[in-house]
Amino acid sequence: VIWSRVNSTNDCFNLAQVVLEVLPLPNAPQTAELEECSFTADTDFTLVEATAILDSTGIMMITYHANAVDALNGANPLSDPYNATNGTLIFALIEGENGCEVIAEITLTVHPNPAAAVAEGEVCAEEDGTGIFTLTDFDALVDTDGGNMVSYHVTSGDAIAGANPLSEPYNTAGGIIYARVETPEGCYNTSEVELTVLATPLVDPSEIEECDLGDGTAEFDLSADAYYASEEDAEGEANELSDVFISSNTMVYIRVNSTNGCYDIEALTLTVSPLPQISDKLWQVCAYPDQANNVDLSDADEFLGATGGDVISYHLTAGDVLSGANPVGSLSSLSIDDVLTVFARAESEDGCLAFAQLTIVGIDCCENPQCIPGVELQKVGGE
């Protein structure tokens, strides 16, 4: 409280009490920063966004000006939005409910949007035809500036919003996905990433069977593709097995490459199929005098050592038995003391062949008191 005295020219005066009241200034920061992202050096700033920074109460009157003088005078308020370059200073006139005013300095900062390059990638298909992509492999291709956060999305809208990022590994049949590159300041850019799934050759892992060479091994033709003794060798394409491969029962690995760089590796069983177990035999057969004695050669099948699964045929020459030509089923001219030679050919269920010589000797059955001419022949085994 102070007092005022008012004097007149006639020496009269009057006293008055004056109450001095100090009103508070608006509670607002003296400086603030407004940030925007842009692909160019300048961009539009939404000044009303600064109001939320300067006035937490929402009751102040704020106008924006290009310089401090205009702000002090409340002159030439800026339009909103306001286009500016990075580092531009503007001034806010802030008036509280009580009419008191303060000036705040606002820095307008333009952050550059990051580069986001188009990228593409290829992988070989899995057995189901889809490909498995490691999306982080594209980060360096997409984020050419480096050091930014990269995420991947199914749609362009998700990439713009930063929503529903894809997890990895990412399994897909191929197509376009979208990358979002975001700076530490929150500026972003998007681009397309093309994913291509290449066809992978599929190997039929059925076994290869070959016939025994007689010593428990077989000769396998491995010339059609590349074969390896181990899966590791197949992966590295090292120590490829020879085209003509002699081995006992074993497992190898086949690798089939395609022209697109994809390949498949599968385990393959090499099986040695046994030969029919027939051998040369001397066969004594009863013959009767004074008649044509017929010999059914199939009666010798078991005698030669054939099993139920073997197919036996008989031939009159060594050449025919090798080729399987001109098989004969019986002999009709066996006489006593005849010695005849036929050649047996046995083929197993696996298609393996074995050969034997059958020597047939006619013996006089009538030396036996029970001999009755014309009855069914009695076969006598020999060594």
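What follows is calculated from the coordinates using simple rules that are stated; it is not laboratory data. All values derive from a computational prediction rather than experimental measurement. Quick reminder, even Gly has a Cβ in these numbers, built from the backbone with ideal geometry, and neighbours come from all protein chains shown.
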Estimated [θ] at 222 nm from DSSP helical runs (n ≥ 4, -39500 (n - 2.57)) normalised by residues in the chain, nearest 500: -2000 deg cm²/dmol
query: Which FRET efficiency value, to the nearest 0.05, is calculated for Leu72 and Trp3 with the Förster distance at 41 angstrom and r the Cβ-Cβ distance?
result: 0.80
message: Counting just the Cα atoms, what span does segment 4-71 cover along each of its three principal axes? Round to the nearest Å and put the largest first.
response: 78, 25, 16
message: What FRET efficiency comes out for Ser79 versus Ala140 if R0 is 35 angstrom and r is the Cβ-Cβ distance? Round to the nearest 0.05.
response: 0.25
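Based on the Cβ-Cβ distance of Asn260 and Thr155, what FRET efficiency does E = 1/(1 + (r/R0)^6) give at R0 = 30 Å, to the nearest 0.05?
Details: r = 29 Å, r/R0 = 0.96.
According to the calculation, E is roughly 0.55.
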query: So for the pair Gln17, Asp221, with labels modelled 7 Å out along Cα→Cβ, what separation do we get in nm?
result: 12.6
Segment 51-101 - percent relative contact order, Cα under 8 Å, separation 6 or more: 41
- line: Expressed as a percent, the portion of alpha-carbon pairs in segment 215-263 spaced more than 17 Å apart is 36
message: Assuming 0.36 nm per residue, please report the length gained on full extension of the stretch Glu49 to Ser332 beyond their Cα-Cα distance.
response: 90.1 nm
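Rounded to the nearest whole Å³, what is the per residue volume of the convex hull around the Cα atoms of segment 199-301? Kindly include the intermediate steps, with their values, before the conclusion.
Numbers: hull volume 14.4 nm³, N = 103.
It comes to 139 Å³ per residue, whole-number rounded.
Mind checking Rg over Rh on the chain, alpha carbons, Kirkwood formula for Rh?
1.61
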- request: Order by neighbour count: Leu282, Leu270, fewest other Cβ atoms within 10 Å first, most last.
  value: Leu282, Leu270
Extension reserve of the Glu235-Glu101 stretch, reckoned as 0.36 nm per residue once the Cα distance is removed: 40.4 nm
- prompt: Roughly what would the spin-label model give for Ile246 and Asp364, points 7 Å off Cα along C-beta, in nm?
  reply: 5.3
task: Mind giving me the nanometre distance, one decimal, between the label points for Thr271 and Glu209, set 7 Å out from Cα along Cα→Cβ?
output: 0.5
- request: List the pair-distance distribution P(r) of segment 263-309, using every Cα-Cα distance, as the percent of pairs falling in each 10 Å bin from 0 up to the bin containing the longest distance, rounded to whole percents.
  value: 17, 30, 20, 14, 9, 6, 3, 1
task: Mind jotting down the distance between the C-alpha centroids of segment 89-125 and segment 238-260, whole Å?
output: 64
- request: Quick one: pull the percentage of alpha-carbon pairs in segment 41-144 with a separation above 25 Å.
  value: 47
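Restrict the search to segment 24-82; then list the GluC sites (Glu not before Pro) that DSSP places in a loop and that have at most 14 other Cβ atoms within 10 Å of their Cβ.
Counting only loop positions with at most 14 other Cβ atoms within 10 Å, none of the GluC sites (Glu not before Pro) in segment 24-82 qualifies.
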